[in-house]
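Working notes for the structure below.
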Amino acid sequence: MGAAPRYARPFVAIFIGMVVICALAPLNLWPFSNWELFSRLRRPAESYWEAIVEHHGVVADYRIAPHTACAPLLRSATVRFGQATDVRIYHVERLLSDRIGAHAVPPDRTLVATCTARGVRAPS
């Protein structure tokens, strides 16, 4: 058996040093990662806000920011979809693990408010 190549000892020393450093320090240097991808709990639910506009029997829904005011929302819906009489705001929650066969279960929609030209109406 011959001697190891000249570069083997420095390589092994650097490799072992990196493994030890990554195990002790909160570094995530590839390929010596500390497996954070699989060690943290993923969010099992999705939550967002949605606006629904009805115009001449056509329903359009789109996501909005949680603190969107009614007057700008109604104006933007009128510009986007034509004469909008009202915009309904829903809080939508979906449990990502709920399935019916191979399909996801429809999300739970909770009506939060209805924006009209006369102001905001709370759900009844």
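Each value in this text was obtained by applying a stated rule to the coordinates, not by laboratory testing. Remember, predicted model here, so these are calculated numbers, not experimental data. Because the Cβ atoms are built from the backbone with ideal geometry, glycine has one as well, and the counts that use them run over all protein chains shown.
By the Cβ distance rule of under 4.7 Å, the chain has these cysteines without a partner: 22. The length gained on full extension between residue 99 and residue 69, counted as 0.36 nm times the residue separation minus their Cα-Cα distance, comes to 7.4 nm. For the chain, the longest principal axis of the Cα atoms and the long axis of helix 70-81 meet at an angle of about 90 degrees.
In this rough spin-label picture, where each label sits 7 Å from Cα along the Cβ direction, the residue 113-residue 79 distance is 2.0 nm.
Here the sum of -39500 (n - 2.57) over DSSP H runs of 4 or more residues, divided by the residues of the chain, equals -8000 deg cm²/dmol at 222 nm, to the nearest 500. Sparse packing (at most 10 other Cβ atoms within 10 Å of the Cβ) combined with a DSSP loop state is found for the following trypsin sites (Lys or Arg not before Pro) in the stretch 74-124: 118.
Tell me, which longest segment in the chain has none of the chymotrypsin sites (Phe, Trp or Tyr not before Pro) that fall in DSSP loops with at most 13 further Cβ atoms within 10 Å? Value returned for the longest uninterrupted segment is 36-124. The largest-to-smallest principal axis extents of the Cα set in the chain are 88, 35, 24 Å. Taking θ as phi - 60° and the Karplus parameters 6.51, -1.76 and 1.60, the scalar couplings of the stretch 45-52 work out to 10, 10, 9, 7, 10, 9, 10, 10 Hz in sequence order, x denoting glycine and proline.
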